[in-house]
Each structure stands twice: as structure tokens, then as C-alpha cells.
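*Asks:* Let me give you the structure first, and then I'll get to my questions.
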Amino acid sequence: MTERKPLVLDQVVVPAGTYKVVHLPIARLTSGVEIPLPVHVFHGAKEGPTLLLSGGLHGDEVNGVEIVRRALSGKMLSGLECGTVLAIPIINVYGFLFFSRDVPDGKDVNRSFPGTPDGSLASLVAHTLSTKILPLVDFGIDFHTGGASRTNYPQIRYAKDDPRALELARAFGAPMSMPSSLIHGSLREAAHKLGVPIVVYEGGESMRFDSFAIDEGIRGIKRVLTRWGMRTKAPKPRGLADRHGRQSKRVRWLADNSWVRAEASGLFLPLRTSGQAVEEGELIGRIHNPNDSFTVKIYSPMTGYLIGHNNMPLVHRGDALFHVAAEETEAPQID
Ligand SMILES: [Zn+2]
């Protein structure tokens, strides 16, 4: 049998059956210190697909950073049966340093793809990924959390018309999965244009560790590795409890979804939490005026699941409070 070819990333040669960290140059901080982008390359001894695991595309979404870090530690990736994993714990190092979603000039890297070599910092980070990483990978999982104080129950978002993204979502086996259109300028869209399916994992909220979301992320990676023969065993999906609170191993495929917004400003007290089943018209929270001059009741607009909610105790009129999604009548099929 001929030996597997080495992987070459930015002129660094990684022989088959070895591990290397490749530091991609991007830019310097204003102080003059160069901040590279570390890419952990696990190039297995046997032929197989190349999987991208990335976190911190939004610098304050620390659960994704921790999921990729935890995947790097231990034997999960160093003992690959076949194939290759490129793992990037923090794509937006610049935002991460300042506890920020965006790069220091205020731009969102995940709206800057495919990027240009002479663009702004966000565009430069995007360009580096588009030209140096995406051409090497077959598929990927990009780890995110809810923005600001909003938390997401562990879920996979996939491009509806891409059967390979659906297959990836199915293999990951998050408690819930739902189709989500490709956002213009996102990593997922840029990869899709290159024929590389990337699914987004959402779990927890920014700047707050969520051990359940981190654990679900790791379990999902193990299942994806196993599905493509890169690992021999993985834990079964946990699924979601049904509306009577009975735990089920069945993962939920969701479709129509919408945010319930605050009809008044005040103190927000949720009565239900993400991951719970709700019925249309069910009371799920209240907003109280601090002087107790009024209370606004919040009802679920549909029967389905709460897939995210706002943890801010004080809200303004119009703020997003609960993200609700209806369950598909049957799991989507791969043609
Ligand atoms: Zn994000």
C-alpha cells in the first residue's frame, strides 16, 4: 500500500500519521505584536476525509472555543483511524482578546467572507480561511453560541438544500437540528460555494460557559468522526424530552421558527426555558413594570420547542425573548 501523502498548509509539510500546529500569519495588534492564527493539523496515517472544527469566529462565543480545545486535548484527534482534522479553537483571535464578537474595528468576520488580501482586518481573517483552509477540507463544523445575553439550546443549523449538510447534521445528532439559510458573507456560505458543507453548532450564550452545551458539542464531534470511519465508537444522541417531560432518545428536526419579542419594557421573568416543549398559547413568561403598575403575559406563538431564550432580567420593548421552533412532522430525508 502506498503511503498517504503529507498535508501541506501554508508551505508547512505535515507527514501522514503526525500532528503539527501551523501558525498562519494575519496581522499585528496596534502595539506591533504579531498575532497569528494557530491551526492544529491531525493528519491521520490512512486515507480519509478532512474535517474542519472551528470556534471563536465570534470572539466572545467561548463555548465553541472550549469545545475545540477539549477536542484537541486527550486522544480524540491524535488517534484518528483515518482522515485528517484541522482544528482552530479561535478564528477571531482579535475579538477574543477584547471579549468581543467582532474584530477591533467593529466588523463581523462572519459577514466578511470570502474576504480580500487588502481588505480590513475582518476581511483579511476571512480571506486567510477562504484561501488556505477551505480548499483543504471536505466538510466542517463551526461552533457558535447565542449572541449577547441570548442562550441557545444545543442545536445544529444546516443548509436546507444541501444533502451533505443534512447528512452531517444527522451524524452529529444534536438534541435539535433545523435548516437555516446561508447568511451572506458567512463562512458557511463561502464554504458552500466551494462545495464544502459546513454546519453551525449553536450552544449556550456568549461569555458564559455552558457545560451541557460543551458536552453535547464533544459528543457530536465523536459521532461525526465515527460516521466517517475516523473513530471507532461514539456516544448515542441524548435526544430531547417530550412535552410530558419524558426523556426520549429521539433528536428533533425543527422547521418554522420565530422570535417572541417584548411588548413592553421592564423586568423579564421567563417561566419556561430552552429545550422545553411548549404549546401554542401557553404562558411562557411575564414582563413586570418595576413599580408594579402593569404585567404583560408572554405566550408561545406555536406548538414546538423553545430553542433559545434571553437571560437578561431587564428588557426593552422589541427585545428578543424566546426563540420558538415547530417540529417537522417527519425527519428530513437524504435523497
Ligand atoms: Zn456566532
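*Asks:* Tell me, please, whether a residue that is among the acidic types (Asp, Glu) and farther than 16 Å from Leu57 by Cβ can be found in segment 165-174. Break it down into steps so the answer makes sense when it comes.
*Replies:* We begin by selecting, within segment 165-174, every residue among the acidic types (Asp, Glu); these are 167.
If we keep only those that are farther than 16 Å from Leu57 by Cβ as well, we get 167.
Within segment 165-174, one or more residues are among the acidic types (Asp, Glu) and farther than 16 Å from Leu57 by Cβ.
*Asks:* Please identify the pairs in which a residue from segment 110-125 that is over 20 Å from Val199 (Cα atoms) and of a type in the set (A, V, I, L, M, F, W, C) has its Cβ atom under 6 Å from the Cβ atom of a residue that is in a helix (DSSP H, G or I) and within 14 Å of the ligand (Cβ to nearest atom), counting only partners at least 6 apart or on another chain.
*Replies:* Short answer, once both residue conditions are applied: Ala122/Val109.
*Asks:* Right, something else. Counting only residues that are within 16 Å of the ligand (Cβ to nearest atom), give me the strands (runs of 3 or more DSSP E) lying completely in segment 1-117 with at least 2 of them.
*Replies:* Output list reads 50-55.
*Asks:* Of everything in segment 88-111, what is buried (at least 23 other Cβ atoms within 10 Å of the Cβ) and either among the aliphatic types (A, V, I, L, M) or over 19 Å from Thr145 (Cα atoms) (or both)? Give them in sequence order.
*Replies:* Hits for segment 88-111 are Ile88, Ile91, Val103, Val109.
*Asks:* So, Leu51, is that one touching a strand residue (DSSP E or B) at 6+ places or on another chain (Cβ under 8 Å), surrounded by 24 or more Cβ atoms within 10 Å (Cβ to Cβ) and either at negative phi or of a type in the set (D, E, K, R) (or both) or not?
*Replies:* Taking the combined requirement at face value, the residue satisfies it.
*Asks:* Now, a different point. Could you tell me which residue of segment 140-150 is nearest to the ligand (Cβ to nearest atom), considering only residues that are of a type in the set (A, V, I, L, M, F, W, C) and crowded, with 21+ Cβ neighbours inside 10 Å? Step through it out loud before you land on a result.
*Replies:* Residues of segment 140-150 that are of a type in the set (A, V, I, L, M, F, W, C), as a first pass: 141, 143, 148.
Adding the requirement that they be crowded, with 21+ Cβ neighbours inside 10 Å leaves 141, 143.
Numbers: Ile141: 13, Phe143: 9 Å.
Filtering segment 140-150 for residues that are of a type in the set (A, V, I, L, M, F, W, C) and crowded, with 21+ Cβ neighbours inside 10 Å, the one nearest to the ligand (Cβ to nearest atom) comes out as Phe143.
*Asks:* Follow-up. Restricting to segment 227-237, name every residue that is in contact (Cβ under 8 Å) with a residue 12 or more places away in the chain and in contact with a Ser or Thr (Cβ under 9 Å, 6 or more places away or on another chain).
*Replies:* Selection gives Met230, Thr232, Ala234.
*Asks:* Given (1) more than 30 Å from Thr84 (Cα to Cα); (2) in contact (Cβ under 8 Å) with a residue 40 or more places away in the chain; (3) part of a loop (DSSP other than H, G, I, E, B), where does Leu254 come up short, assuming only one miss?
*Replies:* That leaves (3) as the condition not met.
*Asks:* Determine, yes or no, whether Glu202 is within 16 Å of the ligand (Cβ to nearest atom), surrounded by 19 or more Cβ atoms within 10 Å (Cβ to Cβ) and in the same structural domain as Gly59 (by TED's automatic domain parsing).
*Replies:* Details: within 16 Å of the ligand (Cβ to nearest atom): yes; surrounded by 19 or more Cβ atoms within 10 Å (Cβ to Cβ): yes; in the same structural domain as Gly59 (by TED's automatic domain parsing): yes.
Answer is yes for this residue.
*Asks:* Okay, next question. Within segment 159-176, track down each residue that is free of Cβ contacts under 8 Å to residues at least 60 places away in the same chain and outside any loop (DSSP other than H, G, I, E, B).
*Replies:* Those that are free of Cβ contacts under 8 Å to residues at least 60 places away in the same chain and outside any loop (DSSP other than H, G, I, E, B): Arg164, Ala165, Leu168, Ala169, Ala171, Phe172.
*Asks:* Of the conditions (1) among the aliphatic types (A, V, I, L, M); (2) modelled with pLDDT under 95; (3) under 25 Å from Gln155 (Cβ atoms), Ile26 fails just one. Which one is it?
*Replies:* Against the list (1) among the aliphatic types (A, V, I, L, M); (2) modelled with pLDDT under 95; (3) under 25 Å from Gln155 (Cβ atoms), Ile26 comes up short only on (3).
*Asks:* Considering only residues that are aromatic (Phe, Trp, Tyr), over 30 Å from Glu34 (Cα atoms) and touching a residue at least 60 places away in the same chain (Cβ under 8 Å), which ones fall in segment 126-158? Step through it out loud before you land on a result.
*Replies:* Going through segment 126-158, the residues aromatic (Phe, Trp, Tyr) turn out to be 139, 143, 153, 158.
From the residues that got through so far, the ones that are over 30 Å from Glu34 (Cα atoms) too are 153, 158.
Of everything in segment 126-158, just one residue is aromatic (Phe, Trp, Tyr), over 30 Å from Glu34 (Cα atoms) and touching a residue at least 60 places away in the same chain (Cβ under 8 Å), namely Tyr153.
Quick grid of which residues meet (1) of a type in the set (D, E, K, R); (2) closer than 17 Å to Phe322 by Cα; (3) part of a helix (DSSP H, G or I):
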site	(1), (2), (3)
Tyr153	no, yes, no
Met178	no, yes, no
Ser181	no, no, no
Glu189	yes, no, yes
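The values are calculated or read from the model by the stated rules, or taken from the named source; none is laboratory data. This is a predicted model, so every value here is computed, not measured. Quick reminder, even Gly has a Cβ in these numbers, built from the backbone with ideal geometry, and neighbours come from all protein chains shown.
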